[in-house]
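Heads up, the thing below is written out as structure tokens.
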Amino acid sequence: MSQYQIAVIVGSLRRDSINRKLANALIKLGPADFSFKLLEIGDLPLYNQDDDNNQAQSVVRLKSEVSAAAGLIFVTPEYNRSIPGVLKNALDNASRPYGTSAWTGKPAGILGASIGQIGTALAQQHLRNALSYLDVPTMGQPEVFIQVKEGFFDAAGDISTPDTVKFLQGWMDRYVQWVKRHAQ
Ligand code: FNR
């Protein structure tokens, strides 16, 4: 078993999500002592504080997967200049009941892909705001704002441009150090 298990949370439920493709391409760049699991967030109930003491099985599962992880990677689209509701819902569900948040202290990295020119910059900034409150140390650099155009992914779902792969490899190398530093 890998020494460092990383929970990957994709902020899109779309079948052909470019952010899920980006997440899958990214995790191929991880080192041998890291393993990555894309977490399911599409089956979570809409967060309702009335359910805090009787959380759905899907919420219990998410909290346990996050708790078991040595680190987090968020790969998210931007919806209307913020994060998608499904992602905020996941953050809220796994943060409660008060005092039992699963997110606390987990080192995180953030990436995003968009068809728009600012490549999820505003969504990522909003995400950083919530993660800061949740006491999630979030890697500041390098930032990854990817604009996906036709041909960005090849038929196998890999990234076609070697320069982009190299840039993402640099991101992964920094992220690995970020996780290891927080594990000490
Ligand atoms: C978008 N999109 C979008 N893009 C962007 O750069 N900034 C934005 O604010 C928005 N807003 C937005 C709202 C909604 C409801 C949708 C459905 C889409 C476009 C978005 O970048 C594009 O649909 C991506 O393909 C979404 O990512 P996934 O689902 O492919 O990972």
Treating only Lys and Arg (+1) and Asp and Glu (-1) as charged, each at its beta carbon, one finds that the range 90-170 has a dipole about its Cα centre, in Debye to the nearest 20, of 260
Scoring only Lys, Arg, Asp and Glu (+1, +1, -1, -1) among other residues with Cβ under 11 Å from the Cβ of Gly11 yields +2
Given the candidates Leu62, Val75, Pro97, the one whose Cα lies deepest towards the positive end of the charge dipole of the range 25-98, counting +1 at each Lys or Arg C-beta and -1 at each Asp or Glu C-beta, is Val75
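With a cut-off of at most 15 other beta carbons within 10 Å, and DSSP calling the residue loop, which chymotrypsin sites (Phe, Trp or Tyr not before Pro) in the range 93-184 qualify? Please list them.
Details: sites: Tyr98, Trp103, Tyr133, Phe145, Phe152, Phe153, Phe167, Trp171, Tyr175, Trp178; in loops: Tyr98, Trp103, Phe152.
Answer by residue number: Tyr98.
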So the carbon and sulfur contribution to the accessible area of the chain, 1.4 Å probe, in percent, is 49
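Within the chain, what is the longest stretch that has no trypsin sites (Lys or Arg not before Pro) placed in a DSSP loop and near at most 10 other beta-carbon atoms within 10 Å? Walk me through the intermediate numbers first.
On the way: sites that count: Arg15, Lys149.
Within the chain, the longest run free of exposed trypsin sites (Lys or Arg not before Pro) spans 16-148.
For the chain, with only Lys/Arg (+1) and Asp/Glu (-1) charged at the beta-carbon, what is the dipole magnitude about the Cα centre, in debye rounded to 20? Write out the running numbers ahead of the final one.
On the way: 18 positive and 17 negative charges, 51 e Å.
Magnitude of the dipole: close to 240 debye.
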Listed residues Ala70, Ala130, Ala155; largest mean-square fluctuation, Gaussian network over the chain with Cα springs below 10 Å, found at Ala155
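Quick one: accessible area per residue over the chain, 1.4 Å probe, rounded to a whole number of Å²?
Working: 9490 Å² over 184 residues.
Solvent-accessible surface per residue comes out at 52 Å².
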Treating only Lys and Arg (+1) and Asp and Glu (-1) as charged, each at its beta carbon, one finds that the range 1-109 has a dipole about its Cα centre, in Debye to the nearest 20, of 380
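With a sphere of radius 13 Å drawn around the Cβ of Gln124, what net charge do the other residues whose Cβ falls strictly inside it have (Lys, Arg +1; Asp, Glu -1)? Could the numbers behind the result be given before it?
Numbers: positive: Arg81, Arg128; negative: Glu78, Glu143.
That works out to 0.
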When the chain is treated as a Gaussian network with springs between alpha carbons less than 10 Å apart, the largest mean-square fluctuation among Ile41, Ile115, Ile83 is found at Ile115
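Less than 12 Å Cβ to Cβ from Ile83, Lys/Arg counted +1 and Asp/Glu -1: what total charge do the surrounding residues give? Walk me through the numbers on the way to the answer.
On the way: positive: Arg81, Lys88, Arg128; negative: Glu78, Asp92.
In short, +1.
The values are calculated or read from the model by the stated rules, or taken from the named source; none is laboratory data. It should be emphasised that the depicted structure is a prediction, and the values quoted were computed from it without experimental measurement. Positions of Cβ are generated from backbone atoms using ideal geometry, with glycine treated the same way; all protein chains shown enter the neighbour counts. These area figures cover heavy atoms from the full protein model, side chains too; ligands, DNA and RNA do not enter into them. Shrake-Rupley method; radii C 1.70, N 1.55, O 1.52, S 1.80 Å.
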